[in-house]
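Step one of this worksheet: look at the structure below.
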Amino acid sequence: MQTLTVGLAERSYPIYIGSDLLGCAELLLPHLPHKRAAVVTNTTVAPLYLEPLRTILQAHGVDIISIVLPDGEQYKNAETLGLIYDALLSHRCERNTPLIALGGGVIGDMTGYAAATYLRGVPFIQIPTTLLAQVDSSVGGKTGINHPLGKNMIGAFYQPQIVLADITTLNTLKDQELRAGIAEVIKYGLIRDLSFFEWLEQNVEKLLARDANTLQYAITRSCRNKAEVVAADERENGERALLNLGHTFGHAIETGMGYGTWLHGEAVAAGTIMAADLSCRLGWLSKEDTDRIRSLFERAGLPVVAPALGVEKYLQLMGLDKKVVGGKIRFVLLKSIGSAVIRGNVEPELLRQTLMTNSAHD
Ligand code: NAD
Ligand code: GLY
């Protein structure tokens with residue numbers, strides 16, 4: 001098992017990464033002093049991992065309330081969030097009752113937001129069970145829900161007390177979901193870790209084959225990168241925005257296509273290709289490196305062409321991005337592989353060319 005720390009002074013917390021960690025009650029018990037917790041999960045994850053978690057915690061005298069939500073990005077909304085509050089209130093959960101998120105990024109984001117807001121804040125534990133959640137969404141305290149007009153538009157920064165990433169849970173993940181997680185892994189290489197990108201070029205097939213050591217290495221290195229960024233800029237006043245490489249385009253794809261039609265990681269992949277293409281048009285990223293990036297995403301089985309929403313629709317949707325300042329879209333772009341910057345004032349014609357060239361046409 002590997003242990004990392006997200007360094008945020010009195011709100012610092014550990015990330016545990018390893019195999020069969022769901023059975024390690026001793027990692028969770030220090031965070032459950034009142035012997036009661038509410039586990040939030042969904043209809044797909046519950047039959048796989050809820051009972052093992054309940055059994056191990058109950059064996060240590062912890063009373064578990066389970067809240068099983070419908071599965072899917074399309075349920076990451078205010079209505080489903082209401083189901084969490086309903087269950088917490090009807091079970092009379094108190095300020096000292098931690099919420100445990102057991103699932104992927106959708107469950108983690110919604111549970112974290114419920115924890116941030118229920119009774120003005122209750123403790124929160126992340127048990128991420130997708131690759132994407134283990135390398136990204138469970139770490140750093142971004143929580144929230146979607147709005148029909150924009151992705152993740154309602155939310156809060158609210159850090160968990162512990163992240164428990166059990167690599168063994170990834171064995172039941174669909175191949176398409178595993179690939180979606182690899183998009184966020186590649187992101188760390190692109191924005192700040194060239195040698196990790198090079199490692200991924202050597203090892204992407206082993207990741208796809210779910211080799212346990214390769215997964216452990218990729219998750220640990222991703223979390224180390226994320227923990228460093230979050231510790232330096234928790235509330236995204238600067239460097240943290242770089243973690244959104246490909247997301248301005250990607251969120252437009254997810255919203256424009258209807259939540260759940262494109263997986264988040266798939267949208268980020270196609271969005272990152274657009275960001276690389278725009279960086280190349282600006283004369284920053286070489287053609288050779290742009291092709292190298294495309295090739296790695298292709299080898300990971302990820303989409304490199306965005307859907308046919310039309311340029312005007314893309315521009316309209318991107319206008320709602322959280323990084324917009326003074327009505328101007330700000331993009332995360334690449335100077336080279338391993339070095340990202342954030343820029344506003346991108347020439348509209350270059351942006352249009354990127355959108356035209358890298359999206360499908362009806
Ligand atoms: P997800 O939560 O929808 O999970 C993907 C699918 O895998 C779901 O059907 C889920 O039920 C299923 N699943 C989960 N664990 C499983 C397992 N072990 N075995 C079998 N099936 C399993 O999607 P995701 O890719 O994990 O997360 C995407 C979400 O995360 C998006 O909403 C995105 O906005 C959010 N996100 C948040 C942050 C953040 O910093 N908070 C970062 C990146 C992404
Ligand atoms: N996933 C982007 C962030 O956590 O900042």
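The values are calculated or read from the model by the stated rules, or taken from the named source; none is laboratory data. All figures in this text were calculated on a predicted structure; none of them were measured in a lab. Glycine gets a Cβ as well: all are built from the backbone with ideal geometry, and neighbour counts include every protein chain shown. Remember, those area values only see protein heavy atoms, side chains included, never the ligands or the DNA or RNA. Shrake-Rupley method; radii C 1.70, N 1.55, O 1.52, S 1.80 Å.
Among (1) of a type in the set (Lys, Arg); (2) part of a helix (DSSP H, G or I); (3) within 16 Å of ligand 2 (Cβ to nearest atom), there is one condition residue 151 misses while meeting the rest; what is its number?
(2)
Would you confirm whether or not segment 256-270 contains a residue that is among the hydrophobic types (A, V, I, L, M, F, W, C), in a loop (DSSP other than H, G, I, E, B) and touching a residue at least 12 places away in the same chain (Cβ under 8 Å)? Break it down stepwise before answering.
So in segment 256-270, the residues among the hydrophobic types (A, V, I, L, M, F, W, C) come out as 257, 262-263, 267-270.
Add one more test, that the residue is in a loop (DSSP other than H, G, I, E, B), and what stays is 262-263.
Pick out the ones that are also touching a residue at least 12 places away in the same chain (Cβ under 8 Å) and you get 262-263.
Within segment 256-270, one or more residues are among the hydrophobic types (A, V, I, L, M, F, W, C), in a loop (DSSP other than H, G, I, E, B) and touching a residue at least 12 places away in the same chain (Cβ under 8 Å).
Going through 283, 256, 246, 265 one at a time, which residue ends up being modelled with pLDDT of 95 or more, out of contact with any strand residue (DSSP E or B) (no Cβ under 7 Å at 6 or more places or on another chain) and near ligand 1 (Cβ under 9 Å from one of its atoms)?
Details: 283 fails: near ligand 1 (Cβ under 9 Å from one of its atoms); 256 fails: near ligand 1 (Cβ under 9 Å from one of its atoms); 246 fails: near ligand 1 (Cβ under 9 Å from one of its atoms).
On inspection, the qualifying residue turns out to be 265.
Just to be sure, is residue 125 modelled with pLDDT of 95 or more, part of a strand (DSSP E or B), away from ligand 1 (no atom under 11 Å from the Cβ) and open to solvent by 10 Å² or more (accessible area, probe 1.4 Å)?
On the way: modelled with pLDDT of 95 or more: yes; part of a strand (DSSP E or B): yes; away from ligand 1 (no atom under 11 Å from the Cβ): yes; open to solvent by 10 Å² or more (accessible area, probe 1.4 Å): no.
Taking the combined requirement at face value, the residue does not satisfy it.
Determine which member of the set 30, 47, 52 is farther than 17 Å from residue 171 by Cβ and open to solvent by 50 Å² or more (accessible area, probe 1.4 Å).
Working: 47 fails: farther than 17 Å from residue 171 by Cβ; 52 fails: farther than 17 Å from residue 171 by Cβ.
That would be 30, the only listed residue that is farther than 17 Å from residue 171 by Cβ and open to solvent by 50 Å² or more (accessible area, probe 1.4 Å).
Do you know which of the residues in segment 64-117 that are open to solvent by less than 40 Å² (accessible area, probe 1.4 Å) and of a type in the set (Asp, Glu) is nearest to residue 157 (Cα to Cα)?
Filtering first and then ranking leaves 109.
I'd like to check something: does segment 175-182 contain any residue that is away from ligand 2 (no atom under 15 Å from the Cβ), surrounded by fewer than 20 Cβ atoms within 10 Å (Cβ to Cβ) and not in a helix (DSSP H, G or I)?
No, because not a single residue in segment 175-182 is away from ligand 2 (no atom under 15 Å from the Cβ), surrounded by fewer than 20 Cβ atoms within 10 Å (Cβ to Cβ) and not in a helix (DSSP H, G or I).
Let's see how each residue does on (1) within 13 Å of residue 192 (Cβ to Cβ); (2) part of a loop (DSSP other than H, G, I, E, B); (3) within 12 Å of ligand 2 (Cβ to nearest atom):
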{"residue": "216", "(1), (2), (3)": "no, no, no"}
{"residue": "221", "(1), (2), (3)": "yes, no, no"}
{"residue": "224", "(1), (2), (3)": "yes, no, no"}
{"residue": "227", "(1), (2), (3)": "yes, no, yes"}
{"residue": "231", "(1), (2), (3)": "no, no, no"}
{"residue": "236", "(1), (2), (3)": "no, yes, yes"}
{"residue": "242", "(1), (2), (3)": "yes, no, yes"}
{"residue": "250", "(1), (2), (3)": "no, no, yes"}
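List pairs: first residue in segment 200-211 and on the phi > 0 side of the Ramachandran plot and surrounded by 15 or more Cβ atoms within 10 Å (Cβ to Cβ), second residue part of a helix (DSSP H, G or I) and not aliphatic (A, V, I, L, M) anywhere in the structure, Cβ distance under 8 angstrom, at least six positions apart or on different chains.
Filtered contacts from segment 200-211: 210/171.
Just wondering, is there one or more residues in segment 279-288 that are outside any helix (DSSP H, G or I), more than 30 Å from residue 149 (Cβ to Cβ) and open to solvent by less than 40 Å² (accessible area, probe 1.4 Å)? Explain how you work it out, then say what you get.
Here is the first cut: in segment 279-288, the ones outside any helix (DSSP H, G or I) are 282-286.
Those still in the list that are more than 30 Å from residue 149 (Cβ to Cβ) too: 283-286.
From what's left, open to solvent by less than 40 Å² (accessible area, probe 1.4 Å): 285.
Yes, some residue in segment 279-288 is outside any helix (DSSP H, G or I), more than 30 Å from residue 149 (Cβ to Cβ) and open to solvent by less than 40 Å² (accessible area, probe 1.4 Å).
Taking segment 1-55 only, how many residues are touching a residue at least 60 places away in the same chain (Cβ under 8 Å), among the hydroxyl-bearing types (Ser, Thr, Tyr) and more than 16 Å from ligand 2 (Cβ to nearest atom)?
Going through segment 1-55 one residue at a time, the tally reaches 5.
Can you tell which of 115, 133, 156 is more than 15 Å from the chain's Cα centre (by Cα) and not in a loop (DSSP other than H, G, I, E, B)? Write out each step before concluding.
Values: 133 fails: more than 15 Å from the chain's Cα centre (by Cα); 156 fails: more than 15 Å from the chain's Cα centre (by Cα).
The conditions single out 115.
Matching residues to (1) in contact with a helix residue (DSSP H, G or I) (Cβ under 6 Å, 6 or more places away or on another chain); (2) small (Gly, Ala, Ser):
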site	(1), (2)
65	no, no
80	no, no
94	no, no
108	yes, yes
129	yes, no
144	yes, yes
151	yes, no
157	no, no
